[in-house]
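First up is the structure itself, then whatever we jot down about it.
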Amino acid sequence: MAPVTQDELNVYASAEARFEVAAQRLGLDEDVYRFLQYPSKEITVYIPVMLDSGHLKVFTGYRVLHSAVRGPGKGGIRFSMDVSLNEVRALASWMTWKCAVVNIPFGGAKGGVICDPTKLSKNELERITRRYTAELSDWLGPERDIPAPDIGTNEQTMAWVLDTYAMHVRQATTAVVTGKPLDIGGSQGRKEATGRGVLINCDKALAKLGMKREGCRVIIQGFGNVGSMAAMLMQRAGYKIIGVADIYGALLNENGFDVPELIDWVYTQKKPLPDFPGGGTKMSSHQILFNPCEILVPAATENQITTENAERVDCRILCEGANGPTTSHADAIIDRKGIFVIPDILGNAGGVTVSYFEWVQDRQGFFWRESEVNERLQDVLEHAFDEIIHYAELHKVNNRTAAYMVAIDRVARVLKVRGIYA
Ligand code: NAD
């Protein structure tokens, strides 16, 4: 097997390749194609921050607005050493297609700061967040661009974004950011939303394939917001979580993990996941992807399934919780193996859907019960799943291409009626 090339690992090239395939299948108008191929705006910010040590460090951050055709930009802020402009660009374009797949009135955006949040104090993280937000205060806004949490950021980060933005515009503006704490305009169910979306999608896939939850073995790579919530909700629903992993390593236990205990171990006791005393064979977080299971949920980061290893993936359903966990080069191998793919722009769309509900609630100043949020989320995702699968069958394309085709077509139709300004 040839080693994976840099081109394969270039996430923006992966995003472009999928756009290309879908656009061609759609017979997309050439002008519209050219328009949608480029992001709308990109900004690089240099963030001077006084560290606790008394020394100043300048961090680099980005924000990319890919599209505001269907509504204001929407997309998370990532704090990670792996952040690059190319990655943020790809993630921003995926947000455009994701919002269109679930048919919510947002465009796509994404942001990131190159930093290692595990090595910075809370005060340092607050200063980075505030300065980053201040630099972007003219770009952000409930009708412009609305951030949310992503890798390395959380509810607290969003509270700092909100506060800094409110200070700059000199008025309370809760709808500028989603994934906030409940006390300052967050939504019930937002913390669980992406994981709940994974569960809803997997339930739909089981029904489609005539499978049952009972005895259904699930492996989840990534134990952050998405992975841990998916594990908890899926176990509660009757699935058997046999594999878990985070950046420190993985555990495999054919008897299934007690997920609430594991969450307590990692989040309350703050102990390394691979040292969990609840049983299991230790392995690398990469190796866990290749153990036999019915459902594999990569919920960590990009480029986990590549041409080098796709052949070894041994599942019936691949539900992508992370963005871009499978390279575009590996798509054909996964297809050939007959794996039922729930592509990222559908698989993890639960998060942005409830972010949309949060924005709606903030703007109406009226908040919904958790059951109401969950019910609406289920409606949106079940409908999107049915549409994508129906489209895939009708046009004889795989699920991923179908999701891109539906999304691109929706954006293109709006672009046509709006026209091109000047
Ligand atoms: P997070 O920071 O809360 O958690 C990330 C998890 O992945 C951690 O457990 C970390 O240890 C693990 N991880 C990181 N690199 C790894 C590696 N190489 N191997 C194994 N584990 C690794 O982040 P999150 O919010 O859960 O996001 C995870 C993924 O889901 C990202 O791709 C993100 O863009 C996507 N996503 C998140 C949301 C959301 O609502 N948070 C919504 C849609 C998509």
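Miscellaneous remarks
- Residues (surrounded by 13 or more Cβ atoms within 10 Å (Cβ to Cβ) and free of Cβ contacts under 8 Å to residues at least 24 places away in the same chain) located in segment 387-402: GLU387, TYR391, ALA392, ALA402
Here is a yes/no grid of residues against (1) open to solvent by 10 Å² or more (accessible area, probe 1.4 Å); (2) modelled with pLDDT under 95; (3) under 17 Å from the mean Cα position of the chain (by Cα); (4) not β-branched (Val, Ile, Thr):
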{"residue": "ASN123", "(1), (2), (3), (4)": "yes, no, no, yes"}
{"residue": "ARG130", "(1), (2), (3), (4)": "yes, no, no, yes"}
{"residue": "LEU136", "(1), (2), (3), (4)": "no, no, no, yes"}
{"residue": "LEU140", "(1), (2), (3), (4)": "no, no, no, yes"}
{"residue": "ILE146", "(1), (2), (3), (4)": "no, no, yes, no"}
{"residue": "ASN154", "(1), (2), (3), (4)": "yes, no, yes, yes"}
{"residue": "TRP160", "(1), (2), (3), (4)": "yes, no, no, yes"}
{"residue": "ARG170", "(1), (2), (3), (4)": "yes, no, no, yes"}
{"residue": "VAL176", "(1), (2), (3), (4)": "no, no, no, no"}
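- For segment 56-72, the set of residues classified as in contact with a Leu (Cβ under 8 Å, 6 or more places away or on another chain) and part of a loop (DSSP other than H, G, I, E, B) consists of VAL69 only.
- Residue count for segment 163-204, restricted to those that are more than 30 Å from ILE220 (Cβ to Cβ), in contact (Cβ under 8 Å) with a residue 60 or more places away in the chain and in contact with a strand residue (DSSP E or B) (Cβ under 9 Å, 6 or more places away or on another chain): 1.
- Matching option when the condition is free of Cβ contacts under 8 Å to residues at least 12 places away in the same chain and over 17 Å from GLU192 (Cα atoms), among GLN304, GLN287, GLN269: GLN269
- Annotation note: Cβ proximity below 6 Å between a residue of segment 1-29 that is touching a residue at least 12 places away in the same chain (Cβ under 8 Å) and on the phi < 0 side of the Ramachandran plot and a residue that is of a type in the set (Ser, Thr, Tyr) and open to solvent by 40 Å² or more (accessible area, probe 1.4 Å) (sequence gap 6+ or interchain) occurs for ALA23/TYR33.
- Of the residues in segment 206-216, none is open to solvent by 10 Å² or more (accessible area, probe 1.4 Å) and in a strand (DSSP E or B).
- Test: residue in segment 403-414 that is in contact (Cβ under 8 Å) with a residue 40 or more places away in the chain and in contact with a strand residue (DSSP E or B) (Cβ under 6 Å, 6 or more places away or on another chain): no
- Matching residues, segment 319-350, being aliphatic (A, V, I, L, M), more than 9 Å from the ligand (Cβ to nearest atom) and either outside any strand (DSSP E or B) or open to solvent by less than 10 Å² (accessible area, probe 1.4 Å) (or both): ALA330, ALA332, ILE333, ILE334, ILE339, ILE342, ILE345, LEU346
- Residue list for segment 283-318, filter: within 16 Å of the ligand (Cβ to nearest atom) and closer than 19 Å to ALA13 by Cα: THR301, GLU302, ASN303, GLN304, ILE305, THR306, GLU308
- Within segment 357-380, the presence of a residue that is hydrophobic (A, V, I, L, M, F, W, C), within 16 Å of the ligand (Cβ to nearest atom) and out of contact with any Ser or Thr (no Cβ under 7 Å at 6 or more places or on another chain) is excluded.
- Subset of segment 238-263 that is within 15 Å of the ligand (Cβ to nearest atom) and in a helix (DSSP H, G or I) - its residue that is most open to solvent (accessible area, probe 1.4 Å): ILE263
- In this structure, ALA384 qualifies as buried (at least 24 other Cβ atoms within 10 Å of the Cβ) and either in a loop (DSSP other than H, G, I, E, B) or more than 13 Å from the ligand (Cβ to nearest atom) (or both).
- Residues in segment 164-218 that are within 16 Å of the ligand (Cβ to nearest atom) and on the phi > 0 side of the Ramachandran plot: GLY179, GLY189.
- Among residues of segment 259-282, those that are more than 18 Å from LEU296 (Cα to Cα) and touching a helix residue (DSSP H, G or I) at 6+ places or on another chain (Cβ under 9 Å), counted: 13
- Entry remark, segment 22-39: residues being under 22 Å from the mean Cα position of the chain (by Cα) and surrounded by fewer than 18 Cβ atoms within 10 Å (Cβ to Cβ) number 2 in total.
The values are calculated or read from the model by the stated rules, or taken from the named source; none is laboratory data. A quick note: this is a predicted structure, and the numbers were derived from the prediction, not measured. Reconstructed Cβ throughout: ideal geometry from the backbone, glycine too, with neighbour counts over all protein chains shown. Just so you know, the surface numbers come from the protein's heavy atoms only, side chains and all, with ligands and any DNA or RNA stripped out. Shrake-Rupley method; radii C 1.70, N 1.55, O 1.52, S 1.80 Å.
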